[in-house]
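The values are calculated or read from the model by the stated rules, or taken from the named source; none is laboratory data. All of these numbers come straight from a predicted model, not from anything done at the bench. So basically every Cβ, Gly included, is an ideal-geometry build from the backbone, and we count neighbours across all protein chains shown.
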Amino acid sequence: MQKISVKGGKILKGEVSISGSKNATLPVMTAALLGESPSLIKNVPYLNDIKTMAEVLKTLGAKAQLEDHRLHIDPKGFNKWEAPYELVKTMRASIYSLGACLAKMEEAKVSLPGGCAIGARPIDLHLKGVEQLGAKVTIEHGYVHAKAENLVGTTIQLAGPHGPSLGATINVLLASTAAKGTTIIESASTEPEVEDTVNFLKAMGASIEGGGTSRLVIEGRKKLKGVEYSVIPDRVEAGTFMVAAAITKGDVTLKGVNANHLSAVTDKLRQIGVTVDVSPEGFRVRGEGSYKPADVWVLPYPGFPTDMQAQIMALLATVPGISVVTETIWENRFMHVFEMNRMGADINIDRSHAVVKGVPKLTGAPVMASDLRASAALILAGLVAEGETMIQRIYHLDRGYEKIEKKLSALGADIKRMD
Ligand code: UD1
C-alpha cells in the first residue's frame with residue numbers, strides 16, 4: 001500500500017495551478033446522461049472519484065472516456081437504471097444516478113449509501129424530492145427503487161436539519177428536467193458546484209432560473225443536447241494550497257482560481273493574520289509575522305466549508321492561543337484530531353466543537369488518514385512538523401487531489417509517495 005512521507009520545515013514558494021472541481025464534475029457527468037448527443041467536459045481533474053463516476057455511467061450503458069482532462073460522454077447507450085452497491089459504497093456521489101435515471105428511464109435502482117467515516121449519509125431529502133415529483137419509492141434489500149412514468153413539476157422544500165443539501169438539490173434538479181410543467185426547489189443548495197451543474201444543463205437547453213440562489217425554478221421537458229463545457233476550478237484544492245502557504249509562512253500564487261468561491265476561507269485566513277492578495281494574475285497567499293487564533297463555524301455555502309475544516313484546524317493547531325472549530329454538517333468529521341494530537345497538537349473535542357490550543361511545534365509521526373480532507377490536513381501538519389510524517393491510507397487522497405505531492409514538491413516541500 002502506498003504512503004506519503006513529508007519532512008517538515010520547508011517554506012513553500014512559487015506558483016501552483018488549481019485543477020477543475022471534482023465536486024462540480026461529478027454532477028455534470030451525470031447531467032450529461034440527459035442529452036440526446038455526446039458532451040465534452042473540459043478542465044476535468046484526473047482523480048479516482050472521476051474514474052468511479054465514469055464506471056457508474058458505463059454501468060448505465062453510456063460511454064465515458066477521459067483523456068488529457070477532457071471527458072467525452074456519449075449517452076446514446078444509456079438504457080439501464082441500476083447503480084450497484086460496489087460503486088455507491090466507494091463514492092456516494094453515485095447517488096446522482098437516481099435523478100438522471102428517473103428523468104431518462106422513468107425508473108432507478110440505487111444502492112443506499114449508508115454511513116462513512118465522516119458520519120451518517122441520509123438521503124431522506126433526495127427521496128422526499130423525487131416522491132413529490134410523482135415517483136413511487138420503495139426501499140428493499142439495501143436499494144432505493146424509484147419509478148415514475150409521469151413526473152410532474154411542483155414546489156419542493158429541501159431544507160434539512162443541517163440546512164440545504166447539495167446531493168438532494170442535484171438529484172431533484174436532474175429529475176425535474178423531465179417533469180411536466182414548473183418545478184420550484186426552495187432551500188436549494190447555493191454551492192458553486194450546483195450553480196455549475198445548472199449552467200451545464202442550461203447550455204444543454206434546459207430552462208432553469210436561480211442557479212447559485214436558494215430558489216431554483218425549472219421548466220421541464222425541454223430537449224437537451226450534448227455540449228462542450230468547462231467546469232469551475234476546485235475551491236477545496238485551492239483552499240488547501242492557501243493553508244499550505246499560510247502554515248509554512250510561505251509565498252504562493254494560485255493560478256486558475258475563482259476568488260468569489262473562496263471568500264469565507266480568505267476571510268478566515270486574513271483574520272488569522274495571513275495576507276491574501278487577489279488580482280487578475282492570481283491569488284497570492286503570504287504568511288508573514290505572527291498569527292492570531294480564530295473561531296471557525298462550518299456552515300453551508302457561502303459559509304466556511306466543511307471540506308476545509310480539517311485543513312484550517314491543522315493551521316490553528318500551530319497558532320498560539322485558543323481557537324474553537326465547530327462542525328455543523330458532519331457529526332464525525334473530527335477523525336483527523338486524534339492523528340494531529342499524535343503529532344503533538346493539543347485539541348479536545350466536545351460534541352461538535354474542537355477546542356484547539358495552539359502549540360509551539362508539531363513533531364512528525366506515522367499517521368492514518370481517515371477520509372479525503374483529513375488526509376490533506378495531515379499533509380499540511382506534516383509540512384511544519386519537526387522530522388518525518390508518514391501518512392498511510394492515502395487512497396483517500398487520490399479520490400480528490402490531483403498530484404498533490406508533485407504540486408507541493410514543486411513549491412519546495414520535501415514530500416514523496418512511497419510504496
Ligand atoms: C456535503 C457538503 C459539501 C461537501 C460534501 C463532502 C454542505 C451543504 N454539503 O455534501 O459541501 O463537498 O458534503 O464533504 O456543506 N442531509 C439530510 N438528509 C438528506 C441529505 C442530507 O439530513 O437527504 C444532511 C446531511 O446529513 C448533512 C447535510 O444535510 O448533515 C448536508 O448534506 P449534503 O449536502 O446532502 O451532503 P453532500 O451532498 O455529501
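Among the residues of region 306-330, those identified as outside any helix (DSSP H, G or I), more than 14 Å from the ligand (Cβ to nearest atom) and closer than 13 Å to residue 268 by Cβ are 319, 323, 324, 325.
Pairs are defined by a Cβ separation below 9 Å, a sequence spacing of at least 6 or placement on different chains, a first member in region 167-186 that is more than 15 Å from residue 223 (Cα to Cα), and a second member that is at pLDDT below 95 and of a type in the set (Lys, Arg); the pairs so defined are 167/92; 167/121. Of the helices (runs of 4 or more DSSP H) contained entirely in region 75-165, those carrying at least 3 residues that are surrounded by fewer than 22 Cβ atoms within 10 Å (Cβ to Cβ) and modelled with pLDDT under 95 fall at 85-88. Scanning region 346-370 for residues that are assigned to a loop (DSSP other than H, G, I, E, B) and more than 30 Å from residue 91 (Cβ to Cβ) turns up 358, 359, 360, 361, 362, 364.
Would you confirm whether any residue within region 333-344 is touching a Phe, Trp or Tyr at 6+ places or on another chain (Cβ under 7 Å) and either charged (D, E, K, R) or surrounded by 23 or more Cβ atoms within 10 Å (Cβ to Cβ) (or both)? No: region 333-344 contains no residue that is touching a Phe, Trp or Tyr at 6+ places or on another chain (Cβ under 7 Å) and either charged (D, E, K, R) or surrounded by 23 or more Cβ atoms within 10 Å (Cβ to Cβ) (or both). Among the helices (runs of 4 or more DSSP H) confined to region 371-415, the ones with at least 2 residues that are modelled with pLDDT under 95 are located at 397-400. Take the conditions (1) part of a helix (DSSP H, G or I); (2) touching a helix residue (DSSP H, G or I) at 6+ places or on another chain (Cβ under 9 Å); residue 51 misses just one of them, which is (2).
The residues on offer are 40, 57, and the sole one that is in a strand (DSSP E or B) and surrounded by 15 or more Cβ atoms within 10 Å (Cβ to Cβ) is 40.
Residues considered: 348, 341, 332. Of these, the only one that is under 16 Å from residue 311 (Cα atoms), without any contact (Cβ under 8 Å) to a residue 12 or more places away in the chain and polar (S, T, N, Q) is 341.
Within region 272-316, the set of residues being among the polar types (S, T, N, Q) and modelled with pLDDT under 95 comprises 279 only.
Yes or no, residue by residue, for (1) over 19 Å from residue 95 (Cα atoms); (2) modelled with pLDDT under 95; (3) within 13 Å of the ligand (Cβ to nearest atom):
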| residue | (1), (2), (3) |
| --- | --- |
| 167 | no, no, yes |
| 175 | no, no, no |
| 178 | no, no, no |
| 188 | no, no, yes |
| 199 | yes, no, no |
| 205 | yes, no, no |
| 219 | yes, no, no |
